[in-house]
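Structure first, then comments.
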Amino acid sequence: MKTLVCTTPGQFEYTQGERPTLTKGNAIIKIKRIGICGTDLHAYEGTQPYFEYPRILGHELAGELVEVDGAEGFAIGEAVTFIPYFNCGTCIACRSGKPNCCTAIKVCGVHTHGGMVEYLSVPAYALVHGEGLSFDELALVEPLAVGAHGVRRAGVQPGEFVLVIGAGPIGLGTMEFARIAGGKVIALDINAARLQFCQDKLQIPYTLNALDPDVTEKLAEITNGDMPTVVIDATGNQKAINNAFKYMAHGARFVLIGLQKGEISFSHPEFHKREATLMSSRNATRQDFEFVIASMKKGLVNPATYITHRVLFNQVKTEFESWLNPTTGVIKAMVEVE
């Protein structure tokens, strides 16, 4: 089968690999769609934490189930996606119902080879029913689930102001699920086109450009002087994360979905006097995947909104680098595998 390997930062190579054979407790999926995410872009740039080369990228995936062992209720030929965070099942996190942060986690396309292939073997326990959704929709479940998980971590309540920093695909999904939870969403980004997308496509009521010198004052004005009670970072940018501590209301929760390599720095007295809560949000759980699928089926989220670029599998090598350029206007590039 044809595979696409990221051999070193900035370099892809198509190769011929062995089609996987079915083994006990696993399933084989014929890949139909591959969503390109920030992790893939960062891996290509050489800036992704926990990463080694060479690596086959890709974890936003959908396809047809062609072989399976040990997955009751799944039928050959059905459309599926899967949870790409492979967990041990026995560590403290897994025993506590948090397999998304398993101590021995293997994320498909990061720690293990991913889905830029024609056929992929995955653990049968990771399979998720397609529920009648299209391949495009199923490939977008994972990134939306990451945002949904962050919103669930934050415990967003109806009527409270939720500041989401970063209007990339993960941030946009976070905004959608904060809205679904009843939050009044404020989008903050440095990209004017992305902020316009928030207004036009997602109907986000408040958008602010982080390059403006009066962001704090505008946040105070929007929130009637209170400041946001939930702040969620979806940038993975150290400066953005450190700046965001000053945007929190007293008693606020700050959730880090974005990941960066450096250290967080903030004023302890300012954080302490707010009795603020800082937490990370890693990956997502089956509960989040199922909630995203249910939200899609109810029409609360329109996945087609996110897809701005579409290419065939054999075009990825030549097109991929262009998706690093903000001027291309890419939100979500979707790869079709024939």
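The values are calculated or read from the model by the stated rules, or taken from the named source; none is laboratory data. Predicted model, so just to flag it, every value in this text is computed and none were measured. Counting neighbours? That spans all protein chains shown, and the Cβs are built from the backbone with ideal geometry, glycine included. Surface accessibility is based on the protein's heavy atoms, side chains included, excluding ligands, DNA and RNA. Shrake-Rupley method; radii C 1.70, N 1.55, O 1.52, S 1.80 Å.
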Note down all Cβ pairs under 7 Å where the first residue falls in region 93-113 and is open to solvent by less than 50 Å² (accessible area, probe 1.4 Å), the second is of a type in the set (D, E, K, R), and they're at least six residues apart or on different chains. ASN100/ARG282; CYS101/ARG282; THR112/LYS106
For region 3-20, which residues satisfy the criterion of being open to solvent by 40 Å² or more (accessible area, probe 1.4 Å), part of a strand (DSSP E or B) and touching a helix residue (DSSP H, G or I) at 6+ places or on another chain (Cβ under 7 Å)? TYR14
Quick check on my filter: what residues within region 92-126 are within 18 Å of the chain's Cα centre (by Cα), under 17 Å from ASN26 (Cα atoms) and outside any loop (DSSP other than H, G, I, E, B)? LYS106, VAL107, CYS108, THR112, ALA126
Could you go through region 235-245 and let me know if any residue there is touching a strand residue (DSSP E or B) at 6+ places or on another chain (Cβ under 9 Å), surrounded by fewer than 19 Cβ atoms within 10 Å (Cβ to Cβ) and not hydroxyl-bearing (Ser, Thr, Tyr). yes
If we ask which residues in region 21-39 are under 24 Å from GLY130 (Cβ atoms) and touching a helix residue (DSSP H, G or I) at 6+ places or on another chain (Cβ under 8 Å), their number turns out to be 9
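Of the residues in region 278-294, how many are assigned to a helix (DSSP H, G or I) and surrounded by 17 or more Cβ atoms within 10 Å (Cβ to Cβ)?
Number satisfying all stated conditions: 5.
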Residue selected from region 184-206 under the condition closer than 19 Å to PRO143 by Cβ and of a type outside the set (Lys, Arg), by the criterion most open to solvent (accessible area, probe 1.4 Å): ASN191
Out of THR23, THR47, sole residue that is assigned to a loop (DSSP other than H, G, I, E, B) and within 21 Å of the chain's Cα centre (by Cα): THR47
Using the structure shown, decide if LEU195 is in contact with a helix residue (DSSP H, G or I) (Cβ under 7 Å, 6 or more places away or on another chain) and part of a helix (DSSP H, G or I). no
Does region 223-234 contain at least one residue that is at pLDDT 95 or above, among the acidic types (Asp, Glu), assigned to a strand (DSSP E or B) and in contact with a Phe, Trp or Tyr (Cβ under 8 Å, 6 or more places away or on another chain)? yes
For region 61-92, how many residues meet the condition of being in contact (Cβ under 8 Å) with a residue 24 or more places away in the chain, surrounded by fewer than 21 Cβ atoms within 10 Å (Cβ to Cβ) and on the phi < 0 side of the Ramachandran plot? 9
Please find, within region 247-284, the residue that is nearest to the chain's Cα centre (by Cα) out of those that are at pLDDT below 95 and among the charged types (D, E, K, R). LYS261
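Collect the residues in region 307-329 that are touching a Gly at 6+ places or on another chain (Cβ under 8 Å) and open to solvent by less than 70 Å² (accessible area, probe 1.4 Å), keeping them in residue-number order.
Correct list: THR308 only.
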Quickly run through region 239-277 and pick out the residues that are assigned to a helix (DSSP H, G or I) and closer than 26 Å to LEU144 by Cα. LYS239, ALA240, ILE241, ASN242, ASN243, ALA244, PHE245, TYR247
Quick check on my filter: what residues within region 279-299 are hydrophobic (A, V, I, L, M, F, W, C) and under 17 Å from GLY130 (Cα atoms)? PHE289, PHE291, VAL292, ILE293, ALA294, MET296
Does VAL151 satisfy the criteria of being closer than 30 Å to GLU13 by Cα, β-branched (Val, Ile, Thr) and open to solvent by less than 40 Å² (accessible area, probe 1.4 Å)? no
What number of residues in region 120-136 are open to solvent by less than 40 Å² (accessible area, probe 1.4 Å) and among the hydroxyl-bearing types (Ser, Thr, Tyr)? 0
